[in-house]
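FYI, it's all coordinate maths here, none of it is from the lab. The model shown is predicted, which means the values in this text are computed figures rather than measured ones. Here the Cβ positions follow ideal geometry from the backbone for every residue, glycine too, while neighbour counts run over all protein chains shown.
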Amino acid sequence: MSVKLYFLRHGETTYSQQGGYCGNLDPDLTENGLKMADQFAKSYQNLPWVAAFVSPMKRTIATAKPLCEAVGLEMQFRDGLKEIAYGEWEGKSPQTVNESYHDEYVRWLTDPGWNAPTGGEKGVDIARRCAPVLQEIGERYQSGNVLIVSHKATIRIMICGLLGIDIGRFRDRIAMPTGAVSIVELSNHGPLLHTLADRCHLDETLRSSIGT
């Protein structure tokens, strides 16, 4: 028996649209973001879902809501699934951060696993707080499909951890646009990646939106 984890990044927000750093900020989904959530639900509602674990932010809750309502799943909120805290960089563009925090920014770009945004979290910090959530899922569910609705950096870090990829390379090795789903199967043989950052459930207009 095995369980499949469906890692779903939330839909588009104004920050993902514009490229600003948004970790602890709590914006709503844009109109396109809401459409992404609806289209995911329509494409995946016929699967036999057993659970939905969701980051307790407005953008992730709104993304999970259409599927959970369609199949009668209760959202299980976990703080461990929140996005990386960007500290003093919250709400700022990469260009502004580079100008105002150049040395720390360069260190973070070089190895975000062990270097944090100014006043924020390191990649290894994210990995540590995600681990109990993944362990809980593995212990509670031996089969079926589990939805995990989270954020760009957090999902990439979880996937790196499961697949044995250096956490410090999460930004360089894995792309994760808005509304994308990645599927990892947990079995006796260990984690098996089936799908990475898939957006086939979105219509052509939404797929053309990269969503940083």
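So the values come out like this:
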item	result
Share of alpha-carbon pairs per 5 Å distance bin for segment 3-207, given as whole %	1, 8, 16, 21, 21, 16, 10, 5, 2, 0
Estimated translational D of segment 142-212 in µm²/s (Stokes, Kirkwood radius over Cα pairs; 25 °C; 0.890 mPa s)	187
Over the chain: helical MRE at 222 nm, DSSP H runs n ≥ 4 each giving -39500 (n - 2.57), nearest 500	-12000 deg cm²/dmol
Distance from segment 88-111 to segment 1-59 (C-alpha centre basis), Å	26
Fraction of antiparallel bridges per DSSP, the chain only, in percent to nearest 5	45
Links that overshoot a 25 Å alpha carbon limit, given the list LYS4/LYS92; LYS42/LYS92; LYS4/LYS122; LYS4/LYS42; LYS65/LYS122; LYS35/LYS152	LYS4/LYS92; LYS42/LYS92; LYS4/LYS122; LYS65/LYS122
Sparse-neighbourhood loop sites, GluC sites (Glu not before Pro) in segment 14-93 - DSSP loop, at most 10 other Cβ within 10 angstrom	GLU74
Segment 3-207 - percent relative contact order, Cα under 8 Å, separation 6 or more	30
